[in-house]
Amino acid sequence: MADPAAPVGVFDSGVGGLSVLAEIARLLPHESLLYVADCGHIPYGEKSPAFIRQRCQIVAEFFRAQGAKAMVLACNTATVAAVADLRERYPDWPIVGMEPAVKPAAAATRSGVVGVLATTGTLQSAKFAALLDRFANDVRVVTQPCPGLVECIEAGDLDSSSLRQLLQGYLTPLLAAGCDTLILGCTHYPFLKPLLAELVSPDIAIIDTGAAVARQLQRLLGERGLLAEGPARPAQFWTSASPAHLLKILPLLWGRSDNVHSLGL
């Protein structure tokens, strides 16, 4: 049986999963956290499912070598491509994935029109289609792929004029369709909430799934008697790109910058 004091591994194609890491740290402050940013291979949204599965397996093995008691795929695109494969490979290891918040958005909408901002890979997936079939029969869902947003956030750009123009272009058709609820279908996008609040009416609900993922992790660890009692060790970070880049962007997205290592994989 795993040690409750063992860490939890959190993985994303880049720095977007830091939005999920923050929710986990808030809900489960006694858990020690490991974070891998596969920045050397970003963006995942345009990569093949086979490539993404390979990267997820490499990182899963890395986390297991670090003694992680659970893994969180803090990336919608990686979840779509690889979560089923990982759960089959590691049936006794808790693995939490992401999915766009179609169910809560369908319940929240008043106009009956829900907009989805996501990567191309997520929107084209069978998993997303299945979500729509299950939860969106009574609402109209308008989807918008958002190439370029991930790259802006990876560069630490959260409010430049070019980013505003890009995001406004993606929002325009959704707002024109009458959306009163927006799903942020990529873990990078919660970092754009302040900018979104400037670009859309306060009457429009903005929904992401970071807090729900943290609650799911809490539930799975609790079922297995694996909740840590603390104190948590400082978070550790790895990147498949330059550690210097992650050191530079962590203060902006995480609030501090320390314990950054090269993944070398």
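Rule-based calculations on the coordinates, nothing more; no lab input. In this text the structure is predicted, and so the values were computed from the model without any measurement. Note that each Cβ is placed from the backbone with ideal geometry, even for glycine, and that neighbours are counted across all protein chains shown.
Dividing the Cα radius of gyration of region 1-82 by 2.2 N^0.38 Å, with N the residue count, gives 1.07. With a cut-off of at most 13 other beta carbons within 10 Å, and DSSP calling the residue loop, which trypsin sites (Lys or Arg not before Pro) in region 73-169 qualify? Please list them. The qualifying sites are Arg110. What the phi angles of region 214-222 give under the Karplus curve with 6.51, -1.76 and 1.60, with θ = phi - 60°, is a coupling list of 4, 5, 5, 4, 4, 5, 5, 5, x Hz, glycine and proline written as x. Around the amide H of Val96, modelled in the peptide plane, lie the amide H atoms of Met71, Val72, Leu73, all under 5 Å away and 5 or more residues distant in sequence or on another chain. Residues whose amide H lies under 5 Å from that of Tyr35, counting only those 5 or more places away or on a different chain, are Val10, Gln236, Phe237, Trp238; hydrogens are built 1.01 Å from N in the peptide plane. Here the gap between Ala126 and His30, fully extended at 0.36 nm per residue and compared with their Cα-Cα distance, gives a gain of 30.9 nm.
Label point of Glu229 set 7 angstrom out along Cα-Cβ; within region 1-29, amide nitrogens under 18 Å from it belong to 1-7, 28-29. Placing dummy labels 7 Å off each Cα toward the beta-carbon, the span from His261 to Ser162 is 3.5 nm.
Here, P(r) means the percent of Cα pairs in each 10 Å bin from 0 to the largest distance; for the chain it is 7, 32, 36, 20, 5, 0.
Summarising the amide proton neighbourhood of Ile206: residues at separation of 5 or more, or on other chains, whose placed amide H is nearer than 5 Å comprise Leu182.
For Lys248, the lysines whose Cα comes closer than 22 Å to its Cα, not counting residues fewer than 8 places off in the same chain, are Lys193. If you bin all the Cα-Cα distances of region 102-208 at 10 Å, starting from zero, the percentages per bin are 15, 51, 29, 5. Each Cα pair under 8 Å and six or more residues apart adds its sequence gap; the mean of these over the residue count of the chain is a relative contact order of 28 percent. For region 75-81, the Karplus equation 6.51 cos²θ - 1.76 cosθ + 1.60, evaluated at θ = phi - 60°, returns couplings of 8, 4, 5, 5, 4, 4, 7 Hz by residue, with Gly and Pro reported as x.
Axis of helix 126-135 versus longest Cα principal axis of the chain: the two differ by about 60°, to the nearest ten degrees. Would you look at the GNM of the chain, springs on alpha carbons closer than 10 Å, and say which of Ser19, Ser162, Ser125 moves the most? It is Ser162.
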